[in-house]
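Everything below concerns the one structure shown next.
The values are calculated or read from the model by the stated rules, or taken from the named source; none is laboratory data. These numbers were taken from a predicted model, which means no experiment stands behind them. Neighbour counts are summed over all protein chains in view; Cβ atoms, including those assigned to glycine, are modelled from backbone coordinates with ideal geometry.
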Amino acid sequence: MPRVTSAESLGSDPGELTAEERERYAWQLDVRGFGEEGQRRLRAATVFVSRIGGVGGAVVRDLAAAGVGRLALAHAGAIRRDDLNRQTLMTTERIGELRTESAVEFVRRLNPNVVVETFAENVTDENSSSLVRGSDVIVSAAPRFQERLAMNRAAVGQGTPLVDCAMYELEARLTTVLPGRSACLNCLYPELPDQWNRRFPVIGAVASMIGSLAAMEAIKLITGLGTPAADRICILDLREMRFQSVGIARSSDCAVCRSAPPKP
């Protein structure tokens with residue numbers, strides 16, 4: 001069963017920001033094209049994030065700070081000591097406890113206005129549709145391709161935008177899927193890549209960087225700011241500080257998105 005924490009501010013007038021919210025978000029309310037309307041859209045939104053380790057933890061932190069109204073978080077297992085170089089929602093004293101419990105406490109301390117729903121499980125083909133249902137945006141921060149592709153199938157099937165982000169050593173990648181409009185993750189990876197091992201080279205700053213970019217993509221999708229990274233993959237090489245955006249095309253043979261209804 002999921003754990004849900006509530007926020008006192010949900011009982012306030014949904015059409016107006018409270019004085020507390022105006023003070024909390026004052027600096028971002030001045031962003032051109034954002035304003036109070038953007039903040040209200042964030043407050044009304046639900047974002048699903050899987051997983052909530054190095055990459056996903058940064059997503060959760062930045063979305064909570066920005067004022068997304070509801071976060072649904074999925075990640076199985078307990079905190080390990082070797083998580084702590086990158087998983088910034090976790091702390092040393094919580095080693096052995098569920099990662100989701102630590103995430104709830106972190107968000108509560110950062111922004112008690114945010115509702116958090118947690119699932120102490122990883123995404124699979126069997127549970128993906130039920131886990132992401134009701135979300136306005138899905139953020140895939142899972143390291144395993146099986147999980148990422150399962151979320152892609154659920155996102156396309158439900159017509160929900162998906163932000164996919166990943167990293168390895170000093171390289172990171174991000175793309176956004178707009179179902180019925182853009183290439184999906186299966187267009188990019190029609191065959192399952194090589195099997196992933198749990199332990200792989202990670203510097204926490206790289207994980208946090210791509211997680212923050214993914215959070216910004218989610219904020220853009222919710223509020224209409226800027227242009228999402230659809231039909232392209234952003235590749236960041238932190239070793240050489242080189243950044244490129246490579247176009248990708250929607251495949252007419254894609255088994256996932258070829259049947260997705262066109263979106264306006």
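Annotations
- Within the range 205-223, the set of residues being in contact with a Lys or Arg (Cβ under 8 Å, 6 or more places away or on another chain) and over 14 Å from Arg61 (Cα atoms) comprises Ile222, Thr223.
This table checks each residue for (1) part of a strand (DSSP E or B); (2) free of Cβ contacts under 8 Å to residues at least 60 places away in the same chain; (3) surrounded by 13 or more Cβ atoms within 10 Å (Cβ to Cβ); (4) of a type in the set (S, T, N, Q).
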{"site": "Tyr168", "(1), (2), (3), (4)": "yes, yes, yes, no"}
{"site": "Asn186", "(1), (2), (3), (4)": "no, no, yes, yes"}
{"site": "Phe200", "(1), (2), (3), (4)": "no, yes, no, no"}
{"site": "Lys220", "(1), (2), (3), (4)": "no, yes, yes, no"}
{"site": "Arg250", "(1), (2), (3), (4)": "no, no, yes, no"}
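- Which numbered condition Val68 fails, given (1) in contact with a Leu (Cβ under 6 Å, 6 or more places away or on another chain); (2) in a helix (DSSP H, G or I): (2)
- Enumeration of residues in the range 45-68 that are free of Cβ contacts under 8 Å to residues at least 60 places away in the same chain and over 17 Å from Arg99 (Cα atoms): Ala65, Gly67
- Test: residue in the range 158-166 that is assigned to a loop (DSSP other than H, G, I, E, B) and surrounded by 23 or more Cβ atoms within 10 Å (Cβ to Cβ): yes
- Unique match (being farther than 30 Å from Glu23 by Cβ and either modelled with pLDDT of 95 or more or in contact with a His (Cβ under 7 Å, 6 or more places away or on another chain) (or both)) among Glu126, Glu147, Glu117, Glu101: Glu126
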